[in-house]
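Take a look at the structure below.
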Amino acid sequence: MTVLCKTCEIPSQSARGFNLDGRALVAVHHNERFFVYENRCPHRGVELEWQPDQFFDFEGNFIQCATHGALFKIDTGECIAGPCNGQALTAVAFTQVDGQIILL
């Protein structure tokens, strides 16, 4: 198990990118819940953010791929618009223990 970060390091309604041993990840804090995905668009394999830690669409309702504009549901990673419609971000298994996000 690997500690990704403390939950307090990701403010509510935001996301943060990580590079862990060459693996790009994004942790999201949305509606009192946390989600962790591989930071990789299923269409071309590019990282999602347009600037460091900028993963959401303008309204903050979806994760958005900066390269293609694809939109992903925050809670499932499912692509609902764009060139990878019907595909999904790869979820990363984790747990929360003592205020930390721990990868499984």
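Taking label points 7 Å from Cα along the Cα-to-Cβ direction, L104 and N31 give a separation of 2.2 nm.
Kindly state, to the nearest 0.05, the FRET efficiency for V46 paired with F18, given R0 = 22 Å and r defined as their beta-carbon distance.
Calculated value: 0.85.
For the pair T90 and N61 in one chain, pulling the backbone fully straight at 0.36 nm per residue adds 8.6 nm over the alpha carbon distance.
A Förster radius of 22 Å, combined with the Cβ-Cβ distance separating D75 from E9, puts the computed FRET efficiency at roughly 0.60. Taking amide H as placed 1.01 Å from N in the peptide plane, A70 has its amide H under 5 Å from the amide H of C65, each at least 5 places away in sequence or on another chain.
None of the figures in this text is laboratory data; all of them are computed from the coordinates on show. Please read these numbers as outputs of a predicted model, since none were measured by experiment. Please note: Cβ atoms are built from the backbone with ideal geometry, for glycine as well, and neighbour counts cover all protein chains shown.
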